[in-house]
1. Being polar (S, T, N, Q), surrounded by fewer than 16 Cβ atoms within 10 Å (Cβ to Cβ) and at negative phi, is that true of even one residue in region 244-252?
2. With respect to D62, is the statement that it is open to solvent by 20 Å² or more (accessible area, probe 1.4 Å), of a type outside the set (V, I, T) and within 20 Å of V158 (Cα to Cα) true?
3. Looking at D83, D140, which one is among the acidic types (D, E), buried (at least 16 other Cβ atoms within 10 Å of the Cβ), in contact (Cβ under 8 Å) with a residue 24 or more places away in the chain and more than 23 Å from L283 (Cα to Cα)?
4. Sort out which residues of region 143-161 are without any contact (Cβ under 8 Å) to a residue 40 or more places away in the chain and either open to solvent by 40 Å² or more (accessible area, probe 1.4 Å) or β-branched (V, I, T) (or both), and write them in order of number.
5. Report yes if E202 is touching a residue at least 40 places away in the same chain (Cβ under 8 Å), acidic (D, E) and either buried (at least 16 other Cβ atoms within 10 Å of the Cβ) or over 24 Å from T273 (Cα atoms) (or both), otherwise no.
6. So, H178, is that one open to solvent by 70 Å² or more (accessible area, probe 1.4 Å) and either touching a Gly at 6+ places or on another chain (Cβ under 7 Å) or not in a loop (DSSP other than H, G, I, E, B) (or both) or not?
7. Out of (1) of a type outside the set (D, E, K, R); (2) open to solvent by less than 60 Å² (accessible area, probe 1.4 Å); (3) modelled with pLDDT of 95 or more, what's the single condition that is false for G13?
8. Just to check your reading of the model, which residue among R137, R149, R116, R142 is among the charged types (D, E, K, R) and in contact with a strand residue (DSSP E or B) (Cβ under 6 Å, 6 or more places away or on another chain)?
Amino acid sequence: HLHAQMLFFYPGGSMNSSEIIRLALAEDIGSGDISTAYLELEPVPEKAFMIAKAKGVLAGLDIAREVFLTVDKSLKITLYSRDGDEVKPGSEIMRVEGNPASILQGERTALNFLQRMSGIATLTRSMVRELEGTSVRLLDTRKTTPLLRGLEKYAVRVGGGFNHRFGLYDMVMLKENHIRACGGITEAVNRVKKHNTAHKIEVEVTNIHELEEAVSAGVDRVMLDNMNLTQIRACVRRFGKKVELEVSGGVTLANIAKLAQTGIHYISSGALTHSYQSLDISLLFKE
C-alpha cells in the first residue's frame, strides 16, 4: 500500500498534500458555501457514500479522506478500498459520516482529486498490462498539471508505472533545443560533463546517426523520439547492449506492445498524465 502522506515531499519542491488541499478548498469554498449555508441544515449526522460508476483503478483515497477532515475534523471516514484496487460500477469506495454541511463542502474537491488520480492509475494499469512478459518499464513525463506533479506521478506508480525525472533538477536531459543551442550532441554532452558528476545524462535523438553520436559521447540513456518500429529495431540491434534506450512519442494502448517487442528498455508516455479519462465516481447521501 502506498501512503499518500509521503509522496508530496519530493526533491526540489516544498508543496505537500495538506497545502495542496488547503489551496484547493480555498479555491472552491472562497468566502463561504452559500448554497449550503442558505439551507440552514441541522448538524445532525448523515451518511454519504462514494460509489464507482465505472471500472477502473483507484488512486488518491488518502487525499480524498484528508480533504473531508480538513473541512471538518469530526467527520468519520471509512475506507472500503485501497489505492491500487480495481473497482467496478456500483462498488462502494468510502463512507463519510457527520455534519451534512461539512460533507457537502468537501465533496467536489475530494472527488476532483480522486477521479483524476484514479483516471491516471487506470490508464497506466492498462498500458502496463500490455507490457506483461517483457522487461520494459513504462515511464511518465513532466507533462503534468502545474503544482500537481507529485499527486499525478504517485498515481502513475499506483498503476504500476515508474517515474521519470521529477523536474529539471534530478536528471540531465538534453533535448532538441538544448542541442541546437550548443551546435550539436557532442558539444552539448561535453559541456555538461565539465560540470556534472552525479546525475545521469540522457539525450534525445531522431535517427540512428544521432544515436551513434550520443553513444560515442558517453551518455547514460538515449531517447528515441518519434521513430517507427523499423528504426527502433535497428537502434536496438546496434546499440541496445551499449546504452539504455527509451522510446517516446505517439505511444498508445494500440501500439505499446509492439514497441516493447523491439527490445527497448523504457517507454515514456506523456499521455499518462495529460490524456487520461477521469474515473467516474459519485458521492450520495443514504439513509
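The values are calculated or read from the model by the stated rules, or taken from the named source; none is laboratory data. Values in this document were obtained by computation on a predicted structure and should not be read as measured data. Cβ coordinates were reconstructed from backbone atoms using ideal geometry, including for glycine residues, and neighbour counts include every protein chain displayed. In case anyone asks, the SASA skips ligands and DNA or RNA and just uses the protein heavy atoms, side chains included. Shrake-Rupley method; radii C 1.70, N 1.55, O 1.52, S 1.80 Å.
1. Step one: filter region 244-252 for residues polar (S, T, N, Q), giving 248, 252.
After this cut, where a residue has to be surrounded by fewer than 16 Cβ atoms within 10 Å (Cβ to Cβ) as well, the list is 252.
Then keep just the ones that are at negative phi; that gives 252.
There is at least one residue in region 244-252 that is polar (S, T, N, Q), surrounded by fewer than 16 Cβ atoms within 10 Å (Cβ to Cβ) and at negative phi.
2. Details: open to solvent by 20 Å² or more (accessible area, probe 1.4 Å): yes; of a type outside the set (V, I, T): yes; within 20 Å of V158 (Cα to Cα): yes.
Yes, satisfied.
3. On the way: D83 fails: more than 23 Å from L283 (Cα to Cα).
The match here is D140.
4. P146
5. Numbers: touching a residue at least 40 places away in the same chain (Cβ under 8 Å): yes; acidic (D, E): yes; either buried (at least 16 other Cβ atoms within 10 Å of the Cβ) or over 24 Å from T273 (Cα atoms) (or both): yes.
Here the answer is yes, as E202 does meet what is asked.
6. Numbers: open to solvent by 70 Å² or more (accessible area, probe 1.4 Å): yes; either touching a Gly at 6+ places or on another chain (Cβ under 7 Å) or not in a loop (DSSP other than H, G, I, E, B) (or both): yes.
Here the answer is yes, as H178 does meet what is asked.
7. Failed condition: (3).
8. Details: R149 fails: in contact with a strand residue (DSSP E or B) (Cβ under 6 Å, 6 or more places away or on another chain); R116 fails: in contact with a strand residue (DSSP E or B) (Cβ under 6 Å, 6 or more places away or on another chain); R142 fails: in contact with a strand residue (DSSP E or B) (Cβ under 6 Å, 6 or more places away or on another chain).
Every option except R137 fails the conditions.
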